[in-house]
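The values are calculated or read from the model by the stated rules, or taken from the named source; none is laboratory data. Model, not experiment: these values are computed from the prediction. Cβ atoms come from the backbone with ideal geometry, glycine included; neighbour counts cover every protein chain shown. Calculation scope for accessible area: heavy atoms of the full protein, side chains included, ligands and nucleic acids excluded. Shrake-Rupley method; radii C 1.70, N 1.55, O 1.52, S 1.80 Å.
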Amino acid sequence: SQKIEQNSEALNIQEGKTATLTCNYTNYSPAYLQWYRQDPGRGPVFLLLIRENEKEKRKERLKVTFDTTLKQSLFHITASQPADSATYLCAQESGYALNFGKGTSLLVTP
Amino acid sequence: DAGITQSPRYKITETGRQVTLMCHQTWSHSYMFWYRQDLGHGLRLIYYSAAADITDKGEVPDGYVVSRSKTENFPLTLESATRSQTSVYFCASREDRGQDNEQFFGPGTRLTVL
């Protein structure tokens with residue numbers, strides 16, 4: 001069955017640096033991947049979608065890439081800020097629903 | 001309130017009791033979803049619904065029942081709660097033909113089964 005894998009280890013970076021989070025999938029390429037942000041005690045919030053035929057997508061300080069050869073999506077936050085500290089979830093389309101990765105916790109320290 | 005709401009936000013119950021978690025959205029979105037989130041497992045789909053009176057199983061449906069008599073409501077019932085159903089439950093919705101197919105999540109219900 002299709003799996004979505006994210007690095008389970010927390011990522012700690014210094015303010016101002018670029019954070020890079022990885023999402024790998026197995027088997028077939030999904031039609032699209034989505035990235036969500038989740039703060040403690042809250043529901044996930046949608047950030048970006050990237051389609052299979054798009055190599056890169058940007059939104060303000062966020063950038064997502066989709067490499068079908070590597071079966072991987074990278075999520076970048078440039079000029080990171082402490083307010084970016086959260087858990088970031090990768091999700092692939094699965095029919096009408098989504099199949100989520102377990103998420104990667106990001107901590108940005110001043 | 002506009003958006004998607006869940007109630008209760010916190011619930012403690014005992015093994016064997018029936019529990020219903022409520023979900024309400026004000027956007028008239030066609031699709032609604034129930035997920036559970038546990039440490040080490042991430043978000044897992046329990047049930048989803050494509051429209052009123054249309055529901056289907058997700059990855060972990062055992063022990064749960066859903067109904068959708070109205071577009072805006074999608075209650076989740078645990079018929080006989082078990083300790084393994086202790087979790088945080090999230091309801092979500094999305095448009096039928098949204099540009100990004102984004103799902104909008106509720107604030108979650110933290111359920112503890114003793």
Restricting region B:92-114 to residues that are buried (at least 19 other Cβ atoms within 10 Å of the Cβ) and hydrophobic (A, V, I, L, M, F, W, C), the one nearest to B:F33 (Cα to Cα) turns out to be B:A92
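Can you go through A:K63, A:K55 and tell me which one is of a type in the set (D, E, K, R) and closer than 13 Å to A:H76 by Cα? Walk me through it before giving the result.
Numbers: A:K55 fails: closer than 13 Å to A:H76 by Cα.
One residue alone meets the criteria, A:K63.
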Residues in region B:82-91: is at least one open to solvent by 30 Å² or more (accessible area, probe 1.4 Å) and either facing chain A (nearest Cβ under 8 Å) or on the phi > 0 side of the Ramachandran plot (or both)? no
Within region A:79-88, can one find any residue that is within 14 Å of chain B (Cβ to nearest Cβ), closer than 29 Å to B:R97 by Cα and open to solvent by 60 Å² or more (accessible area, probe 1.4 Å)? no
Of all the residues that make up region A:21-37, how many are under 11 Å from the mean Cα position of the chain (by Cα), of a type outside the set (F, W, Y) and more than 8 Å from every other protein chain (Cβ to nearest Cβ)? 6
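Is it fair to say A:G43 is open to solvent by less than 40 Å² (accessible area, probe 1.4 Å), touching a Phe, Trp or Tyr at 6+ places or on another chain (Cβ under 7 Å) and free of Cβ contacts under 8 Å to residues at least 12 places away in the same chain?
Values: open to solvent by less than 40 Å² (accessible area, probe 1.4 Å): yes; touching a Phe, Trp or Tyr at 6+ places or on another chain (Cβ under 7 Å): yes; free of Cβ contacts under 8 Å to residues at least 12 places away in the same chain: yes.
It is true that A:G43 is open to solvent by less than 40 Å² (accessible area, probe 1.4 Å), touching a Phe, Trp or Tyr at 6+ places or on another chain (Cβ under 7 Å) and free of Cβ contacts under 8 Å to residues at least 12 places away in the same chain.
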Exception for B:Y64 within (1) open to solvent by 20 Å² or more (accessible area, probe 1.4 Å); (2) away from every other protein chain (no Cβ under 14 Å) falls at (1)
Being at pLDDT 90 or above, in contact with a Leu (Cβ under 9 Å, 6 or more places away or on another chain), crowded, with 20+ Cβ neighbours inside 10 Å and of a type in the set (V, I, T), is that true of even one residue in region A:50-64? yes
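Working only within region B:92-110, note down all residues that are under 15 Å from A:Y96 (Cβ atoms), assigned to a loop (DSSP other than H, G, I, E, B) and more than 7 Å from chain A (Cβ to nearest Cβ). Can you show your working first?
Here is the first cut: in region B:92-110, the residues under 15 Å from A:Y96 (Cβ atoms) are B:92-98, B:100-104.
Filter once more, keeping what is assigned to a loop (DSSP other than H, G, I, E, B): B:95-98, B:100-103.
The answer is B:E95, B:D96, B:R97, B:G98.
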Out of (1) exposed (fewer than 11 other Cβ atoms within 10 Å of the Cβ); (2) under 23 Å from B:F33 (Cα atoms); (3) among the polar types (S, T, N, Q), what's the single condition that is false for A:Q38? (1)
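Please work out which residue is modelled with the lowest pLDDT, limiting yourself to region B:1-17 and to residues that are open to solvent by 60 Å² or more (accessible area, probe 1.4 Å) and part of a loop (DSSP other than H, G, I, E, B).
B:D1
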